[in-house]
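S.K.: Sharing a structure here in structure tokens format.
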Amino acid sequence: MAQIEANPRGIPMAPFVGKVEEFTPESELESTLKKFQEMIAKYKYMEGHLLQRKKSLESKIPDIKKTLDMVQFLISQEDSTDPITTQYELNDTLYARAEIKSGKTVYLWLGANVMLEYSTPEASDLLTQKLASARTSLEQVDEDLEFLRDQITTMEVNTARVYNYDVKLRRARKDAGGGEKE
């Protein structure tokens, strides 16, 4: 059985139809068109999923960066005996004033209503890893989106070629049948 080519994350590569008559027999043109339409629909579904993932990553990266910057600031102020007065974000438009006396530990939201206490160096390491991972994921999503757009274009061209070949055959049959009647 032939191995289906795919990108590094397993998205299958669309076949390119050079000559329709060599790719599919005349009796299977309609089923080939349906298969191509199904493949296009699958690629577009994957594209929609990746676009949502990209949007999510693009919103998470600045939050991770902002948290990492704050942890690094706390690390830089560990030797200071003076408390740090700051405003922190409670909600998108709501801030509160706080006085930080000891910045040796921080609490980080991990998701699913889970918050854990970390020392500032551990938090910095964790956030650095999460930021790197999110950036790598975003690059991969961008690569996959580009790959999918190429595959969708290839399948649309294939569909047009098969359809045009089918129209050409029908006209030839009509002309051959019409010429015999006269």
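S.K.: Looking at the range 87-98, can you tell me whether even one residue there is out of contact with any strand residue (DSSP E or B) (no Cβ under 7 Å at 6 or more places or on another chain) and farther than 28 Å from Lys130 by Cα?
M.R.: Here is the first cut: in the range 87-98, the ones out of contact with any strand residue (DSSP E or B) (no Cβ under 7 Å at 6 or more places or on another chain) are 91-94.
With the extra rule that they be farther than 28 Å from Lys130 by Cα, the set shrinks to none.
The answer is no; no qualifying residue exists.
S.K.: Sticking with this one: Which pairs turn up if I take residues in the range 91-104 that are assigned to a loop (DSSP other than H, G, I, E, B) and look for partners that are not β-branched (Val, Ile, Thr) with beta carbon separation below 7 Å, at least 6 apart in sequence or on another chain?
M.R.: Partner pairs satisfying both residue conditions: Lys101/Pro83; Gly103/Leu74; Gly103/Gln77; Gly103/Glu78; Lys104/Glu78; Lys104/Ser119.
S.K.: Test Phe16 against the criterion of being surrounded by 13 or more Cβ atoms within 10 Å (Cβ to Cβ) and over 22 Å from the mean Cα position of the chain (by Cα), and give yes or no. Lay out the reasoning, then the answer.
M.R.: Details: surrounded by 13 or more Cβ atoms within 10 Å (Cβ to Cβ): no; over 22 Å from the mean Cα position of the chain (by Cα): yes.
In short, no.
S.K.: For the range 70-87, enumerate the residues that are over 14 Å from Ala98 (Cβ atoms), outside any helix (DSSP H, G or I) and among the hydroxyl-bearing types (Ser, Thr, Tyr).
M.R.: Ser80, Thr81
S.K.: Inspect the range 114-124 for any residue being among the small types (Gly, Ala, Ser), assigned to a strand (DSSP E or B) and exposed (fewer than 10 other Cβ atoms within 10 Å of the Cβ) and give the result as yes or no.
M.R.: Pass one, the range 114-124, residues among the small types (Gly, Ala, Ser): 119, 123-124.
Restricting the remaining residues to those that are assigned to a strand (DSSP E or B) gives 119.
Narrowing the set further to residues that are exposed (fewer than 10 other Cβ atoms within 10 Å of the Cβ) leaves none.
No - not one qualifying residue is present in the range 114-124.
S.K.: Same structure, new question: Here are Thr128, Thr159: which of them is under 30 Å from Glu28 (Cβ atoms) and either among the β-branched types (Val, Ile, Thr) or outside any loop (DSSP other than H, G, I, E, B) (or both)? Before you say what the answer is, go through the steps one by one.
M.R.: Values: Thr128 fails: under 30 Å from Glu28 (Cβ atoms).
So the residue among Thr128, Thr159 that is under 30 Å from Glu28 (Cβ atoms) and either among the β-branched types (Val, Ile, Thr) or outside any loop (DSSP other than H, G, I, E, B) (or both) is Thr159.
S.K.: Could you check, for the range 3-14, whether at least one of its residues is farther than 24 Å from Ser137 by Cβ and out of contact with any helix residue (DSSP H, G or I) (no Cβ under 6 Å at 6 or more places or on another chain)?
M.R.: yes
S.K.: Out of Val141, Val106, which single residue is surrounded by 12 or more Cβ atoms within 10 Å (Cβ to Cβ), more than 30 Å from Glu22 (Cα to Cα) and modelled with pLDDT under 95? So that I can check it myself, show each step before the final result.
M.R.: On the way: Val141 fails: modelled with pLDDT under 95.
Just a single option satisfies the conditions, and that option is Val106.
S.K.: Quick one: would you say Asp166 is within 30 Å of Leu29 (Cβ to Cβ), of a type outside the set (A, V, I, L, M, F, W, C), out of contact with any Cys (no Cβ under 7 Å at 6 or more places or on another chain) and modelled with pLDDT under 95?
M.R.: On the way: within 30 Å of Leu29 (Cβ to Cβ): yes; of a type outside the set (A, V, I, L, M, F, W, C): yes; out of contact with any Cys (no Cβ under 7 Å at 6 or more places or on another chain): yes; modelled with pLDDT under 95: yes.
Taking the combined requirement at face value, the residue satisfies it.
S.K.: Select from the range 1-52 the residues that are in a loop (DSSP other than H, G, I, E, B) and closer than 13 Å to Thr159 by Cα and list them in ascending order.
M.R.: Applying the first criterion (in a loop (DSSP other than H, G, I, E, B)) to the range 1-52 yields 1-5, 7-11, 13-19, 24-25.
Result: Ala14, Pro15, Phe16, Val17, Gly18, Lys19, Thr24.
The values are calculated or read from the model by the stated rules, or taken from the named source; none is laboratory data. All values reported here derive from a predicted model rather than from experimental measurement. With ideal geometry, Cβ positions are generated from the backbone for all residues, glycine too; neighbour counts draw on all protein chains shown.
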